[in-house]
1. Using every pair of alpha-carbon atoms in the stretch 1-77, split the distances into 10 Å bins beginning at 0 and state the percent of pairs per bin, rounded to integers.
2. In the full protein assembly as shown, how much of Ser177 is accessible to a 1.4 Å probe, in Å² to the nearest 10?
3. Give me the percent of accessible area attributable to carbon and sulfur for the chain, probe 1.4 angstrom.
4. What figure in square angstrom, to the nearest 10, would you give for the accessible area of Met1 with a 1.4 Å probe?
5. In the Gaussian network model of the chain, springs joining C-alpha atoms below 10 Å, which of Leu20, Leu215, Leu77 carries the largest mean-square fluctuation?
6. Roll a 1.4 Å probe over the protein chains and send me the accessible area per residue for the chain in Å².
7. Starting from 0.36 nm per residue, how many nanometres of slack lie between Gln83 and Lys104 once their C-alpha separation is accounted for?
8. To check you understand DSSP bridge types, tell me what percent of the beta bridges within the chain (both residues inside) are antiparallel, rounded to 5.
Amino acid sequence: MLRVLAVDDEEPALEELLYLLRADPRIRGAEGATSATEALRRIGAALDAGPDDPAAVDVVFLDIHMAGLTGLDVAKLLAGFAQPPLIVFVTAHEGFAVQAFDLKAVDYVLKPVRRERLAEAVRRVAELVGERGPVVDTSTDQIPVELGGVTRFVPVADIVYAEAQGDYARLHTDTGSHLVRIPLTTLEERWRSRGFVRIHRRHLVAVARIDELRLDAGAMSVRVGDAELAVSRRHARAVRDLLMRLPGR
């Protein structure tokens, strides 16, 4: 189910686009913005809040010719974010298609918008969002993960450590690993109270699952199950002090 922001500075065109989008069963919610500035404000707030926030945006349906910043300007600015929403351009002008696809647009829909053509654009977006993996709600005791086309729920208590992979994180358990669509920095913030500690820019570890702390020629590492993970110099003192304070250590 997609969360959509439609952007057009002509209100009748925006209302028509929103009407068509809201009629599509694959769309959870569609909101509108009448300027590029308003759109950027909403998208920025959504990205700051995280992918599990009610205001999150999966895709922006974006007009090109607008007063002030153009749709192309907006797309260029969004490209600077770590995990921007997808973009579909909706415009009356054919001449910007090459620039649009250079900016990684999913689709380029011409006005007047036909219901069937818009539905095809929504289909493409839905497929790409599905490939990114499920939107993860890290505030719960379980994490949804995709496995062979089926969504499973992995208890946070079963996660031994998490590994950064770009804007994604790979969650390692005793029985396997799962890739989820959420940055490691977000997991660090939300799982700190659940007993996880950052030991490296690439790794977040469940403190209770650390079996050994090792020092070798000034380099520190921890053993968690069968894995030995390096502790960066930046995190070494905090990790050592934390482990020394734990009962039974």
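1. 20, 52, 28, 1
2. Ser177 exposes around 50 Å² with every protein chain in place.
3. 51 percent
4. Around 130 Å² of this residue is reachable by solvent.
5. In the Gaussian network model the winner is Leu215.
6. Result: 53 Å² of accessible area for each residue.
7. Here the answer is 6.3 nm.
8. The antiparallel proportion sits near 65 percent.
The values are calculated or read from the model by the stated rules, or taken from the named source; none is laboratory data. No experiment lies behind these values; they were computed from the predicted model shown. Cβ: placed from backbone, ideal geometry, glycine included. Neighbour counts: every protein chain shown. SASA here: full protein model, heavy atoms, side chains in, ligands and nucleic acids out. Shrake-Rupley method; radii C 1.70, N 1.55, O 1.52, S 1.80 Å.
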